[in-house]
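Have a look at the structure below, then the notes.
Taken together, the values in this text are just the output of simple stated rules run on the coordinates, not laboratory data. Predicted model only: the values in this text are computed from it and were never measured. Cβ coordinates were reconstructed from backbone atoms using ideal geometry, including for glycine residues, and neighbour counts include every protein chain displayed.
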Amino acid sequence: MNLLRDIDVKILFFINKRLHNKYLHQFFRLYTEFGGVIFYSLLIIFLFLTNKNIGISLLINIFISQFIVHGLKFVIHRPRPYVTYEEIINRKASKDINAFPSAHTASSLMAALTLGEFFPVWRIPLIIGAVLVAFSRIYLGYHYPSDVLGSMGITILSFLAIQLFNISWL
């Protein structure tokens with residue numbers, strides 16, 4: 001277990017410190033919001049107004065992923081990297097002090113998977129965008145790599161369960 005934690009921290013420090021520069025920092029400060037609640041609230045409202053079925057599907061699927069993610073955060077209580085390591089480069093603290101799993105990663109990946117079902121030609125670009133959100137969370141010092149990987153796993157399993165049981169919100 002210590003080996004996995006050590007690898008996790010080494011990857012975190014490489015991404016957060018060694019790759020760090022002011023231009024990437026500014027880019028990822030903005031880009032990370034594509035996983036945030038304000039962006040998805042606006043997107044869901046827009047979709048609901050333009051295509052009710054897509055809006056409802058996205059709303060419910062993101063709700064499911066966020067319910068699971070925040071439930072796990074409540075149980076696990078893993079502190080964010082910038083709380084544990086003073087040397088982490090982070091210029092803005094999060095309101096949520098728990099790191100595992102990443103809610104931004106879950107939202108962006110669930111949105112990519114859900115929207116990819118409706119717009120298959122956009123599936124790969126949407127997933128790449130979600131992976132960039134996940135990377136931004138590590139780069140900005142909000143999450144360990146295992147936080148975003150765990151969140152991706154939880155989200156994929158949630159999405160597959162919805163697909164497997166042919167759950168339709170329409």
Handout entry: Cα-based convex hull, segment 84-170, per residue volume (Å³, whole number)
Key = 104
Problem - Local net charge near VAL148, Cβ-Cβ under 11 Å (Lys/Arg +1, Asp/Glu -1) - result: -1
Practice task
Under 10 Å from the Cβ of PHE100, count the other residues' Cβ atoms, weight Lys and Arg +1, Asp and Glu -1, and hand me the total.
Solution key: +2
Handout entry: Cα long-axis angle, helix 123-139 against the chain (0 to 90 degrees, to the nearest 10)
Key = 30
Practice task
Give the calculated FRET efficiency between GLU86 and ILE156 to the nearest 0.05, with a Förster radius of 22 Å applied to their Cβ-Cβ distance.
Solution key: 0.05
Practice task
Can you tell me how much longer the chain between LYS52 and PHE13 gets when fully stretched, taken as 0.36 nm per residue apart minus their C-alpha distance, in nm with one decimal?
Solution key: 9.7 nm
Exercise for the section: Enter the angle in degrees (range 0 to 90, nearest 10) between the Cα long axis of helix 52-76 and the first principal axis of the Cα atoms of the chain, meaning the one along which they spread out most. Expected result: 30
Exercise for the section: Evaluate the charge dipole of the chain about its Cα centre and quote only its size in Debye, nearest 20, assuming +1 on the Cβ of each Lys and Arg and -1 on the Cβ of each Asp and Glu. Expected result: 340
Practice task
Calculate, for LEU42 and LYS95, the FRET efficiency according to 1/(1 + (r/R0)^6) with r their C-beta to C-beta distance and R0 22 Å; round to the nearest 0.05.
Solution key: 0.70
Exercise for the section: Would you work out which of TYR139, PHE118, PHE39 lies farthest towards the positive end of the dipole of the chain, given +1 charges on the beta-carbon of Lys and Arg and -1 on that of Asp and Glu, about the Cα centre? Expected result: TYR139
Fill in the blank from the handout: Short to long, in 10 Å steps from zero, the percent of alpha-carbon pairs of the chain per bin is 10, 39, 33, 15, 3
Problem - Segment LYS22-ILE124, extension gain: residue separation times 0.36 nm, minus the distance between their alpha carbons - result: 33.9 nm
